[in-house]
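The values are calculated or read from the model by the stated rules, or taken from the named source; none is laboratory data. Since we're looking at a predicted model, the values are computed, not measured. Cβ sites come from the backbone with ideal geometry, for glycine too, and all protein chains shown count toward neighbours. Calculation scope for accessible area: heavy atoms of the full protein, side chains included, ligands and nucleic acids excluded. Shrake-Rupley method; radii C 1.70, N 1.55, O 1.52, S 1.80 Å.
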Amino acid sequence: MDTPTTPPVAIVQELIAIHTTRKEFIEKLKLPEGEQNNKAKAAAQQSDQFIAALLNELTSFGDAVPSETERENDYQATYRKILPEIDAMNPVQQEQAFRELEDKLKAAYQHVLDTKESLPETIRKLISDQKEKL
């Protein structure tokens, strides 16, 4: 999501990759039962819904969908930084890591909306709607 020339298909794929990583991260959390654990589970379900909607949009690109997905963004970098330490984290640290990644997710959506004026209206609306639900 670095350049304004990123094609819409790549943006959709990158958001799918971010949500896939979000789900992987949540699966690794060992939060005690309670509010934060419920928030994490809800976030994973939300990612499933968002991925389904993004995949639906991706089908409109047909053969123009590249097989490789960009995973060099702030969200993915933060995840790679946290991942080796996650098993050693206590629940409070895991909760902080979860919040940090949620903030990065919101920032990724905002970045797309701020810099990609040429997105097709259907994709712009989908991304805008998803951002509002985060």
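Any residue at all in segment 69-77 that is of a type in the set (Ser, Thr, Tyr), exposed (fewer than 15 other Cβ atoms within 10 Å of the Cβ) and assigned to a loop (DSSP other than H, G, I, E, B)? No, segment 69-77 has no match at all. Exactly one of (1) acidic (Asp, Glu); (2) in a helix (DSSP H, G or I); (3) open to solvent by 50 Å² or more (accessible area, probe 1.4 Å); (4) within 20 Å of residue 5 (Cβ to Cβ) is unmet by residue 48. Its number? Checking residue 48 against (1) acidic (Asp, Glu); (2) in a helix (DSSP H, G or I); (3) open to solvent by 50 Å² or more (accessible area, probe 1.4 Å); (4) within 20 Å of residue 5 (Cβ to Cβ), the one that fails is (4). The set of residues from segment 12-36 being open to solvent by less than 20 Å² (accessible area, probe 1.4 Å) and farther than 23 Å from residue 81 by Cβ comprises just one member, 12. Restricted to segment 104-134, and to residues there that are open to solvent by less than 60 Å² (accessible area, probe 1.4 Å) and in a loop (DSSP other than H, G, I, E, B), the residue that is nearest to residue 82 (Cα to Cα) is 134. Inspection of segment 14-22 identifies no residue that is more than 16 Å from residue 128 (Cα to Cα), in a helix (DSSP H, G or I) and over 12 Å from the mean Cα position of the chain (by Cα).
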